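Written out below as structure tokens is the structure these notes cover.
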Amino acid sequence: MRDCNAPVGVFDSGVGGLTVAREIIRQLPNESVVYFGDTARVPYGSKSKDTIIRYSGQIIRFLKTKGVKAIVIACNTASAFALDTIEKQLDLPVIGVVKPGAKTAVATTKNKRIGVIGTEGTIKSALYTEYIHGIDPQIEVVGKACPLFCPLVEEGMLHDKVTDEIAARYLKTLQDEDIDSLILGCTHYPLLRSTVAKIMGPEVNLVNPAYETALELGTLLEQKQLRADENHRAEYAFYVSDAAEKFKDFANSIMPFHIEFIEEIQIEAY
Ligand code: DGL
């Protein structure tokens, strides 16, 4: 019998998954969260499928030592490359961010033309397209990799002329595609929402998979009878594989509370 008040394990290649963690914390305030950011091995977006599957396996083994009751893969690249394999092997409920994002975009589009922006890995995997077509094969999906967005976000250049210029170049091709919905298919991109919105204009709905992922997590925990008690006081713990101080500064700039302690883990040992 699993403990309902046990934490949910959330992982990402680094800081980006905090956009998913903060949405989980906002929507499910009784759920404790153990977060792992693989800051020693980021970025995942340019790595191979086999490598991402290996990394994800190590992280899940680590999260299991913290007694997690479910896993959220809060990284689009890892969701695209590793979710299938993990689902087959893991004895815990697990969700990624790609399926929930795809579902929301399908519900949002009116003209059946959806854009997806993400890392090279996510766009190449075409998993968003696969999920979208699984729901409605008539929908046209246009993908565009935006590899410079992650470093710009991590450098804190959220409102910066250089970011505006790079975003304008990346999004140019999508502007000509008559899309009415655009999936922010990378954990960092919700932090560039206003920049992307300015370029794409008010007719294009921006879909943030983090929101729908937190909703689906709530439903999944409910189904498995694993929701934390209503009076349970949630606790949050943060682990990284390198550069804890840098992670802490970034986390404290976007999370709704102050994080004092972040522990560094030798993730290769798991
Ligand atoms: N978290 C990754 C994702 O959502 C972006 C950063 C990376 O490339 O590792 O795809």
Please give the length that would be gained between ARG26 and ASP160 if that part of the chain were fully extended, namely 0.36 nm times their separation in residues minus their C-alpha to C-alpha distance (nm, one decimal).
45.4 nm
Name the shape class, rounded, prolate or oblate, that the alpha-carbon gyration tensor gives for segment 155-270, where a ≥ b ≥ c are the square roots of its eigenvalues, rounded holds for a/c under 1.5, and otherwise prolate holds if a/b is larger than b/c and oblate otherwise.
oblate
With a point put 7 Å past each Cα toward its Cβ, work out how far GLN225 is from LYS49 in nm, to one decimal.
3.8 nm
Cα centroid of segment 140-187 to Cα centroid of segment 232-259, whole Å
26 Å
Listed residue pairs exceeding 27 Å between alpha carbons, taken from LYS69/LYS248; LYS64/LYS103; LYS110/LYS144; LYS47/LYS112; LYS64/LYS248; LYS49/LYS112
LYS64/LYS103; LYS47/LYS112; LYS49/LYS112
Based on the mean of other Cβ atoms within 10 Å per residue, sort peptides 179-190, 100-111, 248-259 so the most packed one is first.
179-190, 100-111, 248-259
Springs between alpha-carbon atoms under 10 Å, Gaussian network over the chain: tell me which of ILE71, ILE53, ILE135 tops the mean-square fluctuations.
ILE135
With springs only between Cα atoms under 10 Å, which of ARG113, ARG22, ARG233 fluctuates most in a Gaussian network model of the chain?
ARG233
Please work out the average accessible area per residue across segment 149-255, using the 1.4 Å probe convention, and give it in Å².
51 Å²
Keeping the other protein chains in place, figure out the carbon and sulfur percent of the accessible area of segment 70-163, with a 1.4 Å probe.
53 percent
Excluding residues on the same chain fewer than 8 positions from LYS198, give the aspartates and glutamates whose Cα lies under 20 Å from its Cα.
ASP160, ASP164, GLU165, ASP176, GLU177, ASP178, ASP180
Treating only Lys and Arg (+1) and Asp and Glu (-1) as charged, each at its beta carbon, one finds that the chain has a dipole about its Cα centre, in Debye to the nearest 20, of 340 debye
Give me the three principal axis extents of the chain from the C-alpha atoms, as integers in angstrom, largest value leading.
52, 38, 37
Expressed as a percent, the accessible surface of segment 185-245 that is carbon or sulfur, using a 1.4 Å probe and the full set of protein chains, is 43 percent
Can you give the accessible area per residue of segment 1-115, in Å², using a 1.4 Å probe?
35 Å²
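The values are calculated or read from the model by the stated rules, or taken from the named source; none is laboratory data. None of the values given here were measured: they were computed from a predicted structure. Please note: Cβ atoms are built from the backbone with ideal geometry, for glycine as well, and neighbour counts cover all protein chains shown. Note: areas computed on protein heavy atoms with side chains; ligands, DNA, RNA excluded. Shrake-Rupley method; radii C 1.70, N 1.55, O 1.52, S 1.80 Å.
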